[in-house]
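Working notes for the structure below.
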Amino acid sequence: SGAFLSVRDLYVHFDTEGGTVKAVDGLSFDLERGRTLGIVGESGSGKSVTNLSILGLHNPKKTDISGEILLEGQELTTAREKTLESLRGNKMAMIFQDPLTALSPYYTVGRQIAEPYRKHMGVSKREAHLRAAEMLDKVGIPNAKLRVDDYPHQFSGGMRQRAMIAMALVCNPDLLIADEPTTALDVTVQAQILDLLKDLQQEFGSAIIFITHDLGVIANVADDILVMYGGRAVERGSVAEVLRAPQHPYTWGLLSSMPRLAGDVNEELVPIKGTPPSLLAPPPGCPFHPRCEYVDEVAGGKSCSGDRPRLPEGRGAACHLTGEQKKTFFIEQIKPR
Ligand code: SF4
Ligand code: MG
């Protein structure tokens, strides 16, 4: 397809001492410029691994990747490390959950923002330093012209997060991947950072992948949602579609266990029963079937434990229930108990 980013039938398997971990097990999605895709799921759902693979940050010796990752038509799964290196920071960048994994304590914040800019844009040290201060100002660091020469330890946690965002954005990346970038922050700073990402997206027209386990955050930032479970995408649609009329029993569970959204739909929070599937020995059929309370409702000769449900292109869920059942059961779920 001609999408800006197109992931086609992606499999990412790792060899471990315990066996093969099927971290991503057949994933397809498209992303256009100026749009934000929220990928939501519990830890171990494959959301982080997917994005490390896009950036080429997996360990190639231990990882078995198949399928395609096309960035403006350029295939990344088979790209050389040199190519990936020049794309990272320039065309694509990542914001991590923990700024300390991205910021070195030994160099000033400004130098760490300036360095990739100098490298990719070929400008002078002085120009790059000015650019670093400008970026710090853009991400809302007060007195950016002075603070640019501070070391990371002189910044508060929220400021370090902003500095990391400045570092990720300094080369105006076309694709920005944010992996739980606000989880460690207090609610006020979280909201500021989310606003900031939206502003910067408007200015630069970047495509953003926003990874989180929190549907409440997704509701604020994303245009589209991809729900992942056990290495597979189980539901996709626009934010409005997925949050108002979710079709997959796992998404229903996520919604009822989210405090901020549950306030609207459900009096009491209901955590999802059971544990996430093993990626070493994933359950056959639907990966959610050991935890799903609708297994016995499926008709038409389909078996939840035997037949793998497919996720349709566009809006839909990978579940054997009929469209009518998906509506009825969701409404029953959100009725006040
Ligand atoms: Fe539940 Fe079956 Fe649908 Fe999977 S396919 S979510 S087990 S009803
Ligand atoms: Mg993760």
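Numbers at a glance
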{"quantity": "Candidates Ala93, Ala79, filtered to the one that is more than 23 Å from Gly237 (Cα to Cα), of a type in the set (A, V, I, L, M, F, W, C) and in a strand (DSSP E or B)", "calculated": "Ala93"}
{"quantity": "Complete set of residues in the range 137-185 that are over 25 Å from the mean Cα position of the chain (by Cα) and not in a loop (DSSP other than H, G, I, E, B)", "calculated": "Asp137, Ala144, Lys145, Leu146, Arg147, Pro152, His153, Gln154"}
{"quantity": "Any hit, the range 43-61, residues being modelled with pLDDT under 90, in a loop (DSSP other than H, G, I, E, B) and within 16 Å of ligand 1 (Cβ to nearest atom)", "calculated": "yes"}
{"quantity": "Sole residue being more than 26 Å from Glu85 (Cα to Cα) and in contact with a Phe, Trp or Tyr (Cβ under 6 Å, 6 or more places away or on another chain), chosen from Val221, Val187, Val217", "calculated": "Val221"}
{"quantity": "Qualifying residue in the range 125-137 (condition: in contact (Cβ under 8 Å) with a residue 24 or more places away in the chain and farther than 19 Å from Met92 by Cα)", "calculated": "yes"}
{"quantity": "Residue within the range 266-273 that is more than 16 Å from ligand 2 (Cβ to nearest atom), part of a helix (DSSP H, G or I), surrounded by 14 or more Cβ atoms within 10 Å (Cβ to Cβ) and modelled with pLDDT under 90 present", "calculated": "no"}
{"quantity": "Residue match in the range 97-119 (condition: within 25 Å of Ile218 (Cβ to Cβ), of a type in the set (D, E, K, R), assigned to a loop (DSSP other than H, G, I, E, B) and away from ligand 2 (no atom under 16 Å from the Cβ))", "calculated": "no"}
{"quantity": "Residues located in the range 1-52, provided they are of a type in the set (Val, Ile, Thr) and either buried (at least 16 other Cβ atoms within 10 Å of the Cβ) or on the phi > 0 side of the Ramachandran plot (or both)", "calculated": "Val7, Val12, Val21, Val24, Thr36, Ile39, Val40, Val49, Thr50"}
{"quantity": "Qualifying positions in the range 296-315 - closer than 17 Å to Gly231 by Cα and away from ligand 1 (no atom under 12 Å from the Cβ)", "calculated": "Pro312"}
{"quantity": "Residue count, the range 202-227 (criterion: in a helix (DSSP H, G or I), in contact with a Pro (Cβ under 9 Å, 6 or more places away or on another chain) and either crowded, with 21+ Cβ neighbours inside 10 Å or in contact (Cβ under 8 Å) with a residue 60 or more places away in the chain (or both))", "calculated": "0"}
{"quantity": "Among the candidates Val49, Val12, residue that is within 12 Å of the chain's Cα centre (by Cα), within 25 Å of Arg80 (Cβ to Cβ), within 16 Å of ligand 2 (Cβ to nearest atom) and touching a residue at least 24 places away in the same chain (Cβ under 8 Å)", "calculated": "Val49"}
{"quantity": "Selected residue (criterion: surrounded by the most Cβ atoms within 10 Å (Cβ to Cβ)) from residues of the range 170-201 that are in contact (Cβ under 8 Å) with a residue 60 or more places away in the chain and among the polar types (S, T, N, Q)", "calculated": "Gln201"}
{"quantity": "Cβ pairs under 8 Å, 6+ apart, first in the range 58-70 and over 26 Å from Ala207 (Cβ atoms), second among the acidic types (Asp, Glu) and in a strand (DSSP E or B)", "calculated": "Lys62/Asp15; Asp64/Asp15"}
{"quantity": "Lone qualifier among Gly34, Gly26 - being in contact with a strand residue (DSSP E or B) (Cβ under 8 Å, 6 or more places away or on another chain) and not in a strand (DSSP E or B)", "calculated": "Gly34"}
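The values are calculated or read from the model by the stated rules, or taken from the named source; none is laboratory data. Please read these numbers as outputs of a predicted model, since none were measured by experiment. Using ideal geometry, Cβ is built from the backbone for each residue, glycine included, and neighbour counts are taken over all protein chains shown.
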